[in-house]
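Take a look at the structure set out below.
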């Protein structure tokens, strides 16, 4: 799998999203992507209780631990590389999570308008490595 360039939606280098829990399509802590990433796991989202409940409701339970996949489950405040389409859907439903623009891959813009991402931007920067 050839990884796309690590560039964020602002045109700069892609910052880390989360190492704890480790996230990303490549499980490298960054929202990197490639042609094989069908879900476009490109939005560095900050989980909220509201979004986690919404995601579970629409069929993607991110909060329940799944030890067989080495997944502890997400809780409010955790950062996660979210599918761009799910972010767009949650935004349309009024329950989008926060976003770290510096850690959101530029390919997210193929699905989500920059203005929507900017409206969800959170103040603090992404987690450090």
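Only residues of segment 93-120 count here: report those whose backbone N is under 14 Å from the spot 7 Å along Cα→Cβ of residue 57, or say none. Residues 93-97 fall inside that zone. Taking every C-alpha pair closer than 8 Å and separated by at least 6 residues, the mean separation divided by the residue count of the chain gives a relative contact order of 34 percent. The stretch between residue 71 and residue 109 holds 10.9 nm of extra length on full extension. This uses 0.36 nm per residue minus the Cα-Cα distance.
Starting with the highest mean, order 57-67, 41-51, 109-119 by the number of other Cβ atoms within 10 Å, averaged over the residues of each peptide. Intermediate results must be reported in sequence, preceding the final value.
Numbers: 57-67: 12.0, 41-51: 24.3, 109-119: 14.5.
Those peptides, ordered most packed to least, come out 41-51, 109-119, 57-67.
Per Stokes-Einstein, at 10 °C and 1.306 mPa s, what whole-number D in µm² s⁻¹ belongs to segment 9-129, with the Kirkwood radius over Cα pairs as the hydrodynamic radius?
Numbers: Rh = 14.0 Å.
Answer, rounded: 114 µm²/s.
Our note on the geometry: Cα centres of segment 24-53 and segment 81-124, 10 Å apart.
Laboratory data are not the source of any read-out in this text; all were calculated from the coordinates shown. What you are looking at is a predicted structure, and each value in this text was computed from that prediction instead of being measured. Note: ideal-geometry Cβ built from the backbone for every residue, glycine included; neighbour counts use all protein chains shown.
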